[in-house]
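What follows is a set of notes on a single structure, which appears directly below.
Values quoted throughout were computed directly from the atomic coordinates according to the rules given, and no laboratory measurement underlies them. Keep in mind that this is a model prediction, so the values were computed, not measured. Cβ: placed from backbone, ideal geometry, glycine included. Neighbour counts: every protein chain shown.
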Amino acid sequence: MLIGCATPLAEQRKALAAKPICCAGLNALPYSPMLLDTPARVRLDAESPVYDFDGNRSFFAAYRLPPWSVSLELSILAGRAGNTLIDPVVMLLDDGFRTTRVIRGDRAQRTAQGSRRLTIFINEADRTEQYFVVYADNDAGRVDVSIVGVPSQLQVGLASLLLGGRDVAEQVPMSPMGALEISLRRYAPRRATD
């Protein structure tokens, strides 16, 4: 499980606003190599660079993909940070640093731990994509609403019996900071149970 940033949301937004933009263009971002089968744990926080992604000022992490030879699966796991959650956006770029795709966090799957997993496939048709940038969608008023099952329990002697339960809607504010786990692997079809 990823542990995110416990800094209060107002302080996170203040730190983002105070940090200068790092680079003049997407071609000048600090790209690190993304290796196959070597997950990267990244924290987007006050130590991260900042860029303005078409009006969305954000901390970010930037990577260079390996040369395309097989279909790939890029996975971004965004962890909860106390009562906030980072909403990841992934921008894919070609060799001229032109945007080819932007994948937003609303396409992410929710995990049982309250995190989000965003999965992106890079197929032969996408072979021109050579870079990607992960940043936060910083719409200040947005919240993630998730349904949490709360079981009712009855204690009978030493045994605890579950008697059904109720669903509770939980509102989680979106944060400009948080922990990410980024992984890249060769695509392999899996059964739904995997």
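Annotations
- Label-point separation in nm, residue 101 to residue 123, each point 7 Å along Cα→Cβ: 0.9
- Distance between the pseudo-spin-label points of residue 24 and residue 159 (7 Å out from Cα toward the beta carbon): 7.4 nm.
- Proximal charge balance of residue 128 [Cβ under 13 Å; K/R count +1, D/E count -1]: -2
- Sorted peptide list for 60-72, 96-108, 176-188, criterion being average Cβ within 10 angstrom, highest first: 176-188, 60-72, 96-108
- Net +/- balance of residues flanking residue 20 in space, Cβ distance below 13 Å, scoring K and R +1, D and E -1: +1
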